[in-house]
Amino acid sequence: MSTFASLEEALKHFFGYDSFRPGQKKIIEAALKNRDLLTIMPTGGGKSLCFQLPALLRKGITIVVSPLIALMQDQVDALQDNGINATYLNSTLRNDELKSRQIAILKNQIKLLYLAPERLLNEKFSLFLEKVVNSVGISAIAIDEAHCVSEWGHDFRPEYSNLKLLRQSYPQIPIQALTATATKRVQQDIIQQLNLRSPDVHVASFDRTNLHYEVQTKDRNIYRKLLRAIRAESGAGIVYCLSRRSVEEVATRLQYDGVDALPYHAGLSDRERSNNQTSFLRDDVQIIVATIAFGMGINKPDVRFVFHYDLPRSIESFYQESGRAGRDGEPSKSILFFSLGDRQKIEFLIKQKPDHNEQKIALQQLRQVINYAEGNDCRRTIILRYFGERYRGNCGKCDNCLNPKPIEDWTVEAQKFLSCVARCQEKFGINHIVDVLIGSRKQKIFQYGHHLLSTYGIGKGRTADEWRMLGRSLVHQGLVGQTTDGYPILKLNKRSWEIFRNQLVVKIAVNQHQTKTSATYNPRKAEAELLFEKLRKLRKQIADHNSLAPYMIFADSSLKLMAQIRPQTLTDFAKLSGVNEYKAHQYGDSFISAIREFTEQHKLPVNLPSKSQMTTLQLHQQGLSVVEIAKQRGFAVSTINSHLSELIEMKQPVALNKLVKAERQKIIIKTIEQVGDMSLKTIKDALGDSYSYNEIKLVRGWWRSQK
């Protein structure tokens with residue numbers, strides 16, 4: 001890291017960002033100390049950067065193990081578009097491509113090498129890796145989607161199990177395991193399977209602060225609700241359905257109603273699935289309608305919304321699927337459409353499972369999803385509690401917090417409820433406790449003799465739904481415990497006893513009370529949104545030309561900054577978050593041109609020259625040449641030429657005739673009139689090698705100033 005004063009400086013240089021996301025810096029610092037690492041960071045938290053940046057700051061090559069070809073290709077494309085030397089070796093390559101990439105690796109021209117686990121442990125490939133170790137050196141091995149190594153993980157893959165041989169083959173090389181979700185049991189299994197040595201374990205918060213959570217009632221008008229919700233959003237979205245039939249039906253209806261949508265499910269051919277996925281990643285269609293088959297490997301960061309048309313089977317599934325929205329950290333939305341009919345469908349499917357224990361666990365997972373859907377508490381509190389993380393409540397970014405229900409003191413009711421839990425010897429769930437409280441005549445009540453309890457029928461003043469609402473709220477607030485071994489049995493805890501002793505007041509949200517706020521028109525915001533859409537179209541054109549997904553050019557967040565700040569020079573453009581030096585030179589001219597055109601059309605104020613540009617102008621006016629100014633200021637000649645061309649465009653007093661001969665100016669101007677001013681390379685190709693980029697840039701600045 002000797003060439004960088006800080007990790008932040010390295011981050012800006014390679015990736016264009018000014019600051020790290022929560023947890024990233026600490027993990028990177030540990031990686032640079034060559035420690036073994038286990039990193040659990042939710043989707044969208046920035047896991048990849050935790051091994052990519054250390055790879056660029058260490059000698060040698062970093063090997064990245066990835067389970068899916070599409071995922072490794074996607075990451076390599078994104079790295080290469082940042083000017084970073086990365087490559088992959090997999091079965092899609094021809095022999096000549098494979099050999100040329102291996103030669104580049106042995107010449108120390110590659111910093112990140114992506115491999116499938118099968119290839120990494122292949123005996124023949126091991127001979128090549130020995131050459132790599134001896135000639136270049138392997139700085140680290142990063143295992144992405146590390147939960148695949150554990151049989152307790154949600155996506156165990158047998159080919160991952162052999163990765164335990166890595167420690168034996170490469171005992172001195174640090175290993176970093178990364179995954180989005182892992183219970184404590186899975187974490188321990190990963191450490192054991194990979195033989196990690198006293199690893200630094202980093203578990204990031206599961207809170208996706210940029211996501212808005214919402215639940216809407218699913219009724220006979222569900223499709224119309226979905227269509228309205230999609231039309232109210234901009235950007236890409238995913239609609240998850242339970243069955244292939246539902247996917248096809250929804251996708252077809254959306255297409256009929258003029259929405260660019262495609263289906264994705266296991267019943268399609270590999271080719272059709274791949275084509276549909278590529279169309280979605282490259283913004284050729286707005287919506288992908290999918291079953292849960294559309295999951296791992298979807299590396300699209302700018303999905304703005306995920307709608308669950310049908311009920312998911314577990315909170316974990318819901319969290320992972322909704323978490324495909326807003327991976328870039330920008331505001332995004334998750335809507336779950338809920339009906340009891342969906343619950344009955346899933347219960348029917350669960351009962352078809354031959355294993356009784358599997359049925360028991362699946363039913364409990366379903367109940368937790370229903371508790372989320374029916375809950376009046378902060379949605380974020382409910383989700384995070386599932387993952388063992390406590391949350392303060394009132395996130396201000398879910399439907400329950402934005403449209404709060406009236407809060408009432410239900411301490412007396414809570415004491416009755418918890419007393420009934422105690423009288424039933426802490427052996428039953430919410431539904432049975434409610435039945436006892438309302439004096440139900442169900443056979444189960446008489447079977448256990450619970451009709452003889454003092455709490456039998458003491459809750460007749462409230463409905464069963466109200467008592468269930470209280471039960472859920474007590475669980476969500478941590479005021480009563482609940483087992484997780486298949487049957488959700490209620491257990492009294494320390495806070496339960498505080499309620500009994502009147503040491504704790506119980507307040508719950510009791511019913512819906514919606515308020516609507518009227519939006520005020522903000523001209524500046526409206527202009528920024530118009531420019532953002534213009535820049536999105538330009539990004540799509542450039543991406544299509546380079547056969548890339550648009551988000552690989554610039555993230556939505558960077559486009560929004562461009563639209564707000566409206567940089568007029570390359571210097572200012574390069575300062576934006578998400579723009580590194582490589583991308584500034586690669587795409588800067590095109591985006592600045594679009595911003596200037598928009599600024600002129602809408603008669604918006606333009607930026608004044610910067611302090612640095614004014615210093616260059618003063619030295620120019622003193623008669624110094626470009627080379628002399630560059631030497632005196634310690635800048636590159638190209639930087640000074642950029643200053644001067646930008647000053648000319650801002651109609652500042654630069655003597656163009658002293659910089660470019662008049663007859664050459666005329667030829668350059670004539671060429672610009674023929675081919676346009678958007679691309680310097682296009683102008684240069686038309687003029688030939690006798691004209692330099694610097695003089696073209698200076699004359700183009702004058703030409704633009706005359707518009």
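The values are calculated or read from the model by the stated rules, or taken from the named source; none is laboratory data. None of these values were measured; they are calculated from a predicted model. Methodologically, a virtual Cβ is constructed for each residue, glycine included, from the backbone with ideal geometry; neighbour enumeration extends over all protein chains shown.
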Legend entry - Conditions (1) buried (at least 16 other Cβ atoms within 10 Å of the Cβ); (2) over 44 Å from the mean Cα position of the chain (by Cα); (3) outside any helix (DSSP H, G or I): number failed by Gln425: (1)
Inset, instruction - Using the structure shown, decide if Asp342 is of a type outside the set (Phe, Trp, Tyr) and surrounded by fewer than 16 Cβ atoms within 10 Å (Cβ to Cβ). - result: no
Inset, instruction - Within region 636-658, track down each residue that is surrounded by fewer than 16 Cβ atoms within 10 Å (Cβ to Cβ) and of a type in the set (A, V, I, L, M, F, W, C). - result: Ala636, Val637, Ala655
Inset, instruction - Please work out if Ser419 is touching an Asp or Glu at 6+ places or on another chain (Cβ under 9 Å), assigned to a helix (DSSP H, G or I) and of a type in the set (S, T, N, Q). - result: no
Inset, instruction - Give Arg324, Arg304 a once-over and let me know the one that is within 22 Å of the chain's Cα centre (by Cα), within 21 Å of Ala251 (Cα to Cα) and either among the small types (Gly, Ala, Ser) or in a strand (DSSP E or B) (or both). - result: Arg304
Inset, instruction - Please list, ordered by first then second residue, the pairs with beta carbon atoms under 9 Å, 6 or more apart or interchain, first in region 328-351 and assigned by TED's automatic domain parsing to the domain that holds Cys395 and free of Cβ contacts under 8 Å to residues at least 60 places away in the same chain, second in a helix (DSSP H, G or I) and among the acidic types (Asp, Glu). - result: Ile350/Glu358
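Each row is one residue, and each column tells you yes or no for (1) crowded, with 18+ Cβ neighbours inside 10 Å; (2) aliphatic (A, V, I, L, M); (3) more than 21 Å from Ala549 (Cα to Cα); (4) not assigned by TED's automatic domain parsing to the domain that holds Ile370.
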{"residue": "Cys241", "(1), (2), (3), (4)": "yes, no, yes, no"}
{"residue": "Ala251", "(1), (2), (3), (4)": "yes, yes, yes, no"}
{"residue": "Gly267", "(1), (2), (3), (4)": "no, no, yes, no"}
{"residue": "Glu272", "(1), (2), (3), (4)": "no, no, no, no"}
{"residue": "Leu281", "(1), (2), (3), (4)": "yes, yes, no, no"}
{"residue": "Ile288", "(1), (2), (3), (4)": "yes, yes, no, no"}
{"residue": "Thr291", "(1), (2), (3), (4)": "yes, no, yes, no"}
Legend entry - Residue count for region 352-369, restricted to those that are surrounded by fewer than 16 Cβ atoms within 10 Å (Cβ to Cβ), without any contact (Cβ under 8 Å) to a residue 60 or more places away in the chain and not basic (Lys, Arg): 5
Legend entry - Check on Arg596, of a type in the set (Lys, Arg), in contact (Cβ under 8 Å) with a residue 60 or more places away in the chain and not assigned by TED's automatic domain parsing to the domain that holds Leu647: yes
Inset, instruction - Collect the residues in region 53-66 that are closer than 20 Å to Leu129 by Cβ, surrounded by 20 or more Cβ atoms within 10 Å (Cβ to Cβ) and out of contact with any Pro (no Cβ under 7 Å at 6 or more places or on another chain), keeping them in residue-number order. - result: Pro54, Ala55, Ile61, Thr62, Ile63, Val64, Ser66
Inset, instruction - Would you mind finding the one in Ser234, Ser205 that is assigned to a loop (DSSP other than H, G, I, E, B), surrounded by 15 or more Cβ atoms within 10 Å (Cβ to Cβ) and either small (Gly, Ala, Ser) or assigned by TED's automatic domain parsing to the domain that holds Thr92 (or both)? - result: Ser205
Legend entry - Check on Val606, closer than 30 Å to Met552 by Cβ, at pLDDT 85 or above and not in a helix (DSSP H, G or I): no
Inset, instruction - For region 112-127, name all the residues that are aliphatic (A, V, I, L, M) and closer than 16 Å to Val149 by Cβ. - result: Leu115, Ala116, Leu120, Leu121
Inset, instruction - Could you check, for region 95-118, whether at least one of its residues is among the hydrophobic types (A, V, I, L, M, F, W, C) and at pLDDT below 90? - result: yes
Inset, instruction - Mind listing just one residue for me: the one in region 361-389 that is polar (S, T, N, Q) and assigned to a helix (DSSP H, G or I) and, of those, nearest to the chain's Cα centre (by Cα)? - result: Thr381
Legend entry - Residue check, Ala563 hydrophobic (A, V, I, L, M, F, W, C) and closer than 30 Å to Asn657 by Cα: no
Inset, instruction - Name, by its number, the condition in (1) of a type outside the set (Phe, Trp, Tyr); (2) in contact with a helix residue (DSSP H, G or I) (Cβ under 8 Å, 6 or more places away or on another chain); (3) assigned to a helix (DSSP H, G or I); (4) surrounded by fewer than 21 Cβ atoms within 10 Å (Cβ to Cβ) that does not hold for Arg228. - result: (2)
Legend entry - Enumeration of residues in region 90-126 that are of a type in the set (S, T, N, Q) and surrounded by 17 or more Cβ atoms within 10 Å (Cβ to Cβ): Gln102
Inset, instruction - Please state which of the following conditions Gly396 fails to meet, knowing it meets all the rest: (1) crowded, with 18+ Cβ neighbours inside 10 Å; (2) assigned to a loop (DSSP other than H, G, I, E, B). - result: (1)
Legend entry - Residue in region 376-393 that is surrounded by the most Cβ atoms within 10 Å (Cβ to Cβ), counting only those that are among the hydrophobic types (A, V, I, L, M, F, W, C) and more than 16 Å from Gly471 (Cα to Cα): Ile383
Inset, instruction - Name the residue, out of Ile683, Ile667, that is modelled with pLDDT of 85 or more, farther than 21 Å from Lys611 by Cβ and either surrounded by fewer than 17 Cβ atoms within 10 Å (Cβ to Cβ) or charged (D, E, K, R) (or both). - result: Ile667
Inset, instruction - Please give the number of the condition Trp497 fails out of (1) among the hydrophobic types (A, V, I, L, M, F, W, C); (2) modelled with pLDDT under 90; (3) over 30 Å from Leu698 (Cα atoms); (4) in a helix (DSSP H, G or I). - result: (2)
Inset, instruction - Please go through region 313-327 and pick out each residue that is basic (Lys, Arg) and either free of Cβ contacts under 8 Å to residues at least 12 places away in the same chain or touching a helix residue (DSSP H, G or I) at 6+ places or on another chain (Cβ under 9 Å) (or both). - result: Arg313
